[in-house]
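Undergrad: Below: one structure in structure tokens.
The values are calculated or read from the model by the stated rules, or taken from the named source; none is laboratory data. Small disclaimer: the values here were computed from a predicted structure and weren't measured. Counting neighbours? That spans all protein chains shown, and the Cβs are built from the backbone with ideal geometry, glycine included. Side chains are part of the model used for accessible areas, which takes the heavy atoms of the whole protein and leaves out ligands, DNA and RNA. Shrake-Rupley method; radii C 1.70, N 1.55, O 1.52, S 1.80 Å.
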Amino acid sequence: MKENSERLYGLDHLRTVAIILVLLYHYRAFKHPGWIDSIGRFGWTGVDLFFVLSGFLISSQLFKENECNRKISLKTFYIKRFFRIFPAYFFTVFLYFTFPFFREREALSPIWKFVTFTQNYGLDVISRGTFSHAWSLCIEEQFYLILPLLLLILIPTRLFRYFVVFIIAVIGFSMTARVIAWNEFIIGTDTASPDFWKLWYMKIYYPTHTRLDGLGIGVLTGYLMQYSSGFKKTVEANGNRLFFLGIVLLGISFWVCNEQASKTASIFGFTLVAVSFGFILMAAVSPSSFLYRTKSYITAQLAALSYAVYLSHKGIIHLVQEGFDYFKLETSDNISLIVCLFTCILGGVFYRFVIEKPFSVLKTKALKRIV
């Protein structure tokens with residue numbers, strides 16, 4: 001138990017970095033200090049870091065369960081995911097559809113897309129950009145649905161021996177899908193027009209099949225840590241080196257993605273970012289790294305709040321800035337930024353105690369019934 005609890009510290013640091021990146025990136029859509037544009041422009045990579053973390057954590061859980069019990073319990077897995085994801089998510093959907101003043105923009109996608117977790121397909125961010133950040137939750141939910149079923153099929157067969165090849169092929173498929181989307185929909189479109197960005201987000205940035213890199217790298221890392229003793233020993237002995245390598249690669253990724261919607265960035269950028277975070281993830285779970293050994297109450301708490309903050313932050317920032325405008329206070333300075341971010345954390349605390357903790361109790365009761 002000690003090892004597992006210590007391993008979480010490194011991952012907590014990464015979750016905290018991920019949610020800060022996302023907040024800075026999305027804050028650019030509101031009134032903001034000028035420095036946010038330069039610091040937050042790469043904040044979109046926070047979602048990719050969340051994807052890498054999810055791929056690793058969920059796959060590791062399933063691989064360990066299979067090794068311990070020689071089977072994967074779909075019922076247990078889906079009950080855990082249901083109580084972790086659904087209550088807070090559907091409460092946020094309720095807020096957006098019931099209280100228009102909570103919306104950071106006017107137009108929402110149809111409610112059936114939110115209910116079915118398919119909003120990321122055909123999402124017109126220009127005209128229906130309200131609660132658009134739910135696109136990543138759609139991808140994660142689709143991942144939670146498919147991965148256990150896929151493992152149930154593959155593990156009993158010899159094909160599971162080639163799981164590494166399979167995951168690399170999945171990442172290659174995602175890159176190929178972006179090439180096709182670029183050539184089919186993006187090429188020739190005026191980059192200064194709203195149509196360019198609408199098509200780029202709709203055809204390259206949001207769809208699940210074009211965004212499998214981060215999840216794939218996470219799953220690949222989880223598989224190798226579970227089934228390759230040589231890989232695990234290498235990771236455990238070289239934590240700080242892996243972190244340094246990851247940071248260097250991330251710097252290269254940012255250079256490649258300097259123009260986020262360029263052809264090179266669109267095709268190779270997501271993969272480079274995912275690989276970079278993969279190395280940093282390996283450092284976070286390596287006992288020889290400073291990430292693993294450094295304990296922080298702040299990052300532990302922010303990591304625990306990250307899902308709730310991700311769900312609610314746009315609506316909360318919108319409400320705070322509306323309040324500032326009402327009282328004729330400055331909304332584009334650093335004070336407004338601090339107040340908005342602090343209020344986002346308070347919103348996360350509200351979610352935690354009013355929604356997540358009560359449903360966690362229900363989850364425990366539901367799991368006891370199937371034991």
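Undergrad: Does Lys314 satisfy the condition of being of a type in the set (Lys, Arg), loosely packed, with under 13 Cβ neighbours inside 10 Å and part of a helix (DSSP H, G or I)? Lay out the reasoning, then the answer.
TA: Values: of a type in the set (Lys, Arg): yes; loosely packed, with under 13 Cβ neighbours inside 10 Å: no; part of a helix (DSSP H, G or I): yes.
Considered against the rule, which asks whether it is of a type in the set (Lys, Arg), loosely packed, with under 13 Cβ neighbours inside 10 Å and part of a helix (DSSP H, G or I), Lys314 comes out as no.
Undergrad: For the range 223-232, give me the residue count where each residue is in a helix (DSSP H, G or I) and farther than 13 Å from Val285 by Cβ. It would help to see each step written out before you state the result.
TA: Filtering the range 223-232 down to residues in a helix (DSSP H, G or I) leaves 223-227, 229-232.
So of that shortlist, the ones also farther than 13 Å from Val285 by Cβ come out as 223, 227, 229-230.
Total satisfying the criteria: 4.
Undergrad: I'd like the residue in the range 191-225 that is open to solvent by 60 Å² or more (accessible area, probe 1.4 Å) and modelled with pLDDT of 95 or more and, out of all such residues, is nearest to Ile168 (Cα to Cα).
TA: By that ranking, first place goes to His209.
Undergrad: Still on this structure, I have one more. Do we have any residue at all in the range 230-240 that's farther than 25 Å from Arg161 by Cα and open to solvent by less than 20 Å² (accessible area, probe 1.4 Å)?
TA: Taking the range 230-240 as the starting set, the residues that turn out to be farther than 25 Å from Arg161 by Cα are 237-240.
Now narrow it down to the ones that are open to solvent by less than 20 Å² (accessible area, probe 1.4 Å): 239.
Yes, the range 230-240 contains at least one residue that is farther than 25 Å from Arg161 by Cα and open to solvent by less than 20 Å² (accessible area, probe 1.4 Å).
Undergrad: Of the residues Ile247, Ile267, only one is open to solvent by 50 Å² or more (accessible area, probe 1.4 Å), in contact (Cβ under 8 Å) with a residue 24 or more places away in the chain and either in a helix (DSSP H, G or I) or under 30 Å from Trp197 (Cα atoms) (or both); which? Reasoning before the result, please.
TA: Working: Ile267 fails: open to solvent by 50 Å² or more (accessible area, probe 1.4 Å).
Just one listed residue meets the conditions, Ile247.
Undergrad: Within the range 321-343, track down each residue that is in a helix (DSSP H, G or I) and open to solvent by 20 Å² or more (accessible area, probe 1.4 Å). Walk me through it before giving the result.
TA: Applying the first criterion (in a helix (DSSP H, G or I)) to the range 321-343 yields 321-326, 334-343.
Hits for the range 321-343 are Glu322, Gly323, Phe324, Asp325, Tyr326, Asn334, Ile335, Ile338, Val339, Leu341, Phe342, Thr343.
Undergrad: Any chance the range 319-332 includes a residue that's touching a residue at least 40 places away in the same chain (Cβ under 8 Å) and within 19 Å of the chain's Cα centre (by Cα)? Even if it seems obvious, please write down each step before you answer.
TA: First, the residues of the range 319-332 that are touching a residue at least 40 places away in the same chain (Cβ under 8 Å): 319, 321-322, 331-332.
If we keep only those that are within 19 Å of the chain's Cα centre (by Cα) too, we end up with none.
Among the residues of the range 319-332, not one is touching a residue at least 40 places away in the same chain (Cβ under 8 Å) and within 19 Å of the chain's Cα centre (by Cα), which makes the answer no.
Undergrad: Name every residue in the range 12-47 that is open to solvent by less than 10 Å² (accessible area, probe 1.4 Å), part of a helix (DSSP H, G or I) and small (Gly, Ala, Ser), in order of residue number.
TA: Of everything in the range 12-47, those that are open to solvent by less than 10 Å² (accessible area, probe 1.4 Å), part of a helix (DSSP H, G or I) and small (Gly, Ala, Ser) turn out to be Ala18, Gly40, Gly46.
Undergrad: If you don't mind, another one. When you scan the range 344-363, do you find a residue that is within 21 Å of Ala304 (Cβ to Cβ), in contact with a His (Cβ under 8 Å, 6 or more places away or on another chain) and open to solvent by less than 70 Å² (accessible area, probe 1.4 Å), even just one? Give the steps one after another, and end with the answer.
TA: Within the range 344-363, the first condition is being within 21 Å of Ala304 (Cβ to Cβ), and the residues that meet it are 344-363.
From what is left, the residues that are in contact with a His (Cβ under 8 Å, 6 or more places away or on another chain) are 344, 347.
Subset that is open to solvent by less than 70 Å² (accessible area, probe 1.4 Å): 344, 347.
Looking for residues that are within 21 Å of Ala304 (Cβ to Cβ), in contact with a His (Cβ under 8 Å, 6 or more places away or on another chain) and open to solvent by less than 70 Å² (accessible area, probe 1.4 Å), one finds at least one in the range 344-363, hence yes.
Undergrad: Then there's this: Residue check, Ser286 against (1) crowded, with 16+ Cβ neighbours inside 10 Å; (2) in a helix (DSSP H, G or I), all met but one. Which one?
TA: Exception for Ser286: condition (2).
Undergrad: Which is out of contact with any Pro (no Cβ under 6 Å at 6 or more places or on another chain), under 19 Å from Leu145 (Cβ atoms) and part of a loop (DSSP other than H, G, I, E, B), of Lys71, Lys113, Lys75, Lys80? Before the answer, list the steps.
TA: Details: Lys113 fails: part of a loop (DSSP other than H, G, I, E, B); Lys75 fails: part of a loop (DSSP other than H, G, I, E, B); Lys80 fails: part of a loop (DSSP other than H, G, I, E, B).
Answer to the check: Lys71.
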